[in-house]
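Only one structure is covered here, and it is reproduced in the block below.
The values are calculated or read from the model by the stated rules, or taken from the named source; none is laboratory data. Owing to the predicted nature of the structure, the values given are computational and were not obtained by experimental measurement. Don't worry about glycine lacking a Cβ; one is built from the backbone with ideal geometry, like all the others, and counts go over all protein chains shown. Ligands, DNA and RNA are stripped out before the accessible areas are found, and what is left, the full protein with its side chains, is counted by its heavy atoms. Shrake-Rupley method; radii C 1.70, N 1.55, O 1.52, S 1.80 Å.
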Amino acid sequence: MNSTTTTSLLSQWTGQNLNVIDASIPKSDYIAIDLSKANQDLNTFDIASSSAWEDYIAKYLKSHKKQVAFGGYLETRNLYNRSAYFSAQAEAEQRNIHIGLDLWCPANTAVLACFEGVIHSFKNNTNFGDYGPTIILEHNINNQTFYTLYGHLNEASIGNLKVGDTVAQGETIAYLGEASVNGDYAPHLHFQIIKDIQNKVGDYPGVCCLNDLEFYKSNTINPEPILGL
């Protein structure tokens, strides 16, 4: 697959206000949020606690009178330090750079297919700090194949799926999960656009280390412009 062509193809959707969560929520009710290690507010609560994160997100949204907080593409975060799943002895091998887009909003919010496609794979990724229930869609548009990943769903979202089933753009494919099933996070959608799935099934790295950053920057696309954010 030609990655340059795929990037060009996806640029056609830039600014078209596509949705990956409940389309009844206007983009004017979205607000950017900084969850990087530079945000000093994150030192005021226990970042190992999903309930503390949920309180922080809820207060942030309430104070700004918004419904959805978004951000995180290529953001370096300390919150993964709580999980051995991301840890490494060498700093350059520590997986703490987020390579998808997070949309923080309540559990059970509808998750929508960003593009028409088919079910590529799905899986409940149950490591502590992992995605929990996850769906990957495969898209082929103008003879270019690429993939979108939807993580941190509820368990029912993957209960009756079949690989190869078709989905329409904007179709509800899932609902967000609570901390008890979503990898122990405040409820949110991890949305990722991937050029080459690398034979992964139901899973693809959403966080990388500094040593691998250049590859993942070339193999993923920032979803914000495509979602009109």
Q) So which of V163, V181 ends up being surrounded by fewer than 16 Cβ atoms within 10 Å (Cβ to Cβ) and either closer than 22 Å to K217 by Cβ or of a type outside the set (S, T, N, Q) (or both)? A) V163
Q) Any idea how many residues of segment 83-108 are closer than 13 Å to V207 by Cβ, open to solvent by 50 Å² or more (accessible area, probe 1.4 Å) and modelled with pLDDT of 75 or more? A) 1
Q. Under 7 Å by Cβ, and 6 or more places apart or on different chains, what pairs join a residue from segment 179-199 that is touching a residue at least 24 places away in the same chain (Cβ under 8 Å) and more than 18 Å from I57 (Cα to Cα) with one that is among the aromatic types (F, W, Y) and open to solvent by 20 Å² or more (accessible area, probe 1.4 Å)?
A. I194/Y147; I197/Y147
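Would you confirm, using the coordinates I've provided, whether Q169 is without any contact (Cβ under 8 Å) to a residue 40 or more places away in the chain and either open to solvent by 10 Å² or more (accessible area, probe 1.4 Å) or closer than 18 Å to N140 by Cβ (or both)? Steps first, please.
Numbers: without any contact (Cβ under 8 Å) to a residue 40 or more places away in the chain: no; either open to solvent by 10 Å² or more (accessible area, probe 1.4 Å) or closer than 18 Å to N140 by Cβ (or both): yes.
Judged against the criteria, Q169 is not a match.
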Q | Criterion violated by G132 - all others in (1) open to solvent by 40 Å² or more (accessible area, probe 1.4 Å); (2) at positive phi; (3) among the small types (G, A, S) satisfied | A | (1)
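Yes or no, residue by residue, for (1) of a type in the set (S, T, Y); (2) touching a Leu at 6+ places or on another chain (Cβ under 6 Å); (3) modelled with pLDDT under 90:
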residue	(1), (2), (3)
N2	no, no, yes
N17	no, no, yes
I21	no, yes, no
I25	no, no, no
K37	no, no, yes
F45	no, no, yes
K65	no, no, no
Q. Can you find even one residue in segment 197-219 that is among the aliphatic types (A, V, I, L, M), at pLDDT 95 or above and closer than 27 Å to Y30 by Cα?
A. no
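Among the residues of segment 17-58, which ones are of a type in the set (A, V, I, L, M), touching a strand residue (DSSP E or B) at 6+ places or on another chain (Cβ under 7 Å) and within 17 Å of G72 (Cα to Cα)?
If we filter segment 17-58 for residues that are of a type in the set (A, V, I, L, M), which is where we start, we get 18, 20-21, 23, 25, 31-33, 35, 38, 42, 47-48, 52, 57-58.
Restricting the remaining residues to those that are touching a strand residue (DSSP E or B) at 6+ places or on another chain (Cβ under 7 Å) gives 20-21, 23, 25, 31-33, 35, 57.
Those that are of a type in the set (A, V, I, L, M), touching a strand residue (DSSP E or B) at 6+ places or on another chain (Cβ under 7 Å) and within 17 Å of G72 (Cα to Cα): V20, I21, I31, A32, I33, L35, I57.
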